[in-house]
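Worksheet: one structure, shown below.
The values are calculated or read from the model by the stated rules, or taken from the named source; none is laboratory data. Since this is a predicted model, take the numbers as computed values, not measurements. Neighbour counts are summed over all protein chains in view; Cβ atoms, including those assigned to glycine, are modelled from backbone coordinates with ideal geometry.
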Amino acid sequence: MFCYSDPDADQLTLTACPESELADAGRTAQRLERRAAARKILLAHRVGAAMFNHMLTPDPDHPIHPGIGNAAEKAAVGEISLQFGVSKTMAGRWAEVGQLLLALPTIRRHFLDGDYSFSRVSIIAHTLTQITDDTHRSHAEHTAADLAQRPITDPMLREHLEALVIDLDPDHAAQTRDEFADRNHDVVITADAHGHASIDACVPAEHGLHLRKKITALITARICRHDPRTPGQRRVAA
C-alpha cells in the first residue's frame, strides 16, 4: 500500500484509503514496523558485541586487566547508545535480548518475521533461557511460539511461560527463584515532591497478590462507592 520512500505519495495514499481497508493496512504496517525493529535490535547487539570483543582482544604489550570485562560491557552499551541515539538503559536492553536470542533460533526467526513486539520477545527470551537443557529449551520454544500468537496479554504470556519452565525443570526453577530473591528483594522508600514519598518494592508474587486483595477489600469495606477520589487515591487511602 505504502511505498515508504515518498512521504507525499504515502500521505495521499493514507488520505484516499477506504475506511474498510484501514485496519488491514494498519496491521500490515505494524508487521513491517516489527520486522524493522527486530533487525535494528539484532544489528545493535552486533555493534555492541563488536565493541566488547575489540576491548577483550589480547595485546601482547598491554595485558588485559582483570576488571576489563565490566568496562567492556559498559563500552558495548555506550556504543549502541551512541550509534542508535537511544538511552543507555534501552541500549542495554537491546544488547541483552540480542544475546539471549542466540540460544533461541526459533523465537529469533519469529521476531525477524514481525510476529512479536520487542516487549513480547523480551519476555519470551528472558523466560526460556532459564532452561538449561537444550532439548527442553527447543521444545519450549515451539510451545512459546504457539502461546505468543494467541490474543493474550504480555503478563498472561509470562505466567504461562513461567509455568512451562517449572514443569520442564522444577529444581532449576526453584533455584532461579531463590537467586532472584537474593538479588532483588527489597523495599525502597524515597522522598518525593510536595511532602510525599515514593515506595518501590520487589516481593514474592504471592505476597503481591495478598497485598492487592487486602487493599481491594479495604476499599470495598471502608470507602464509599460514591467517593469522588481517583482509584489511585483510594488505594493510597486504603
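Before moving on, here are some points about what is shown:
- Helices (runs of 4 or more DSSP H) completely within the stretch 115-215 that count 3 or more residues being assigned by the TED database to the domain that holds residue 29, out of contact with any strand residue (DSSP E or B) (no Cβ under 9 Å at 6 or more places or on another chain) and surrounded by 10 or more Cβ atoms within 10 Å (Cβ to Cβ): 118-128, 134-148
- Checked against (1) of a type in the set (Ser, Thr, Tyr); (2) farther than 20 Å from residue 106 by Cα; (3) exposed (fewer than 10 other Cβ atoms within 10 Å of the Cβ), residue 220 meets all criteria but (3).
- Selection of first residues in the stretch 194-217 that are under 18 Å from residue 238 (Cβ atoms) and of second residues that are of a type in the set (Asp, Glu), restricted to Cβ pairs under 8 Å at least 6 apart or on distinct chains, gives the following pairs, ordered by first then second residue: 198/192; 201/186.
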